[in-house]
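Visitor: Before anything else, here's the structure in question.
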Amino acid sequence: HWLKFYQESTVYSKVGVVVGPFYTEDGAPTLERQRVLDAIKAEAEQVEENRRLFPPCNTRYSADIGTVFWCELGSGGVERDW
């Protein structure tokens, strides 16, 4: 969202680039940047897979009883058939 905003802006103009592990002196993305973006995407996919495999359940805390966890057929917005 922000990248597109600044790319299309007529108010803000590009004055330079940050040279480092993610961009070259020409402002081109580096392989390291792509490696990091791929790792972020893979992690997000793993988190989603974990949510599918281990969907959220219910929790409740009271000072008298402590923490109680339980799952129901529709806990966490996930329909279960068990």
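The values are calculated or read from the model by the stated rules, or taken from the named source; none is laboratory data. No experiment lies behind these values; they were computed from the predicted model shown. Methodologically, a virtual Cβ is constructed for each residue, glycine included, from the backbone with ideal geometry; neighbour enumeration extends over all protein chains shown. These area figures cover heavy atoms from the full protein model, side chains too; ligands, DNA and RNA do not enter into them. Shrake-Rupley method; radii C 1.70, N 1.55, O 1.52, S 1.80 Å.
Visitor: Return yes or no: is Cys57 touching a Gly at 6+ places or on another chain (Cβ under 9 Å) and surrounded by 10 or more Cβ atoms within 10 Å (Cβ to Cβ)?
Guide: yes
Visitor: Same structure, new question: When you look at Val68, is it open to solvent by less than 60 Å² (accessible area, probe 1.4 Å), among the β-branched types (Val, Ile, Thr) and either in contact (Cβ under 8 Å) with a residue 12 or more places away in the chain or touching a Leu at 6+ places or on another chain (Cβ under 9 Å) (or both), yes or no?
Guide: When the stated conditions are applied, Val68 does not pass them.
Visitor: Condition test on Val36, is it modelled with pLDDT of 85 or more, among the β-branched types (Val, Ile, Thr), surrounded by 10 or more Cβ atoms within 10 Å (Cβ to Cβ) and in a helix (DSSP H, G or I)?
Guide: Yes.
Residue-wise test of (1) modelled with pLDDT under 90; (2) open to solvent by less than 90 Å² (accessible area, probe 1.4 Å).
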{"site": "His1", "(1), (2)": "yes, no"}
{"site": "Gln7", "(1), (2)": "yes, no"}
{"site": "Thr10", "(1), (2)": "no, no"}
{"site": "Val17", "(1), (2)": "yes, yes"}
{"site": "Pro21", "(1), (2)": "no, yes"}
{"site": "Thr30", "(1), (2)": "no, yes"}
{"site": "Arg52", "(1), (2)": "yes, no"}
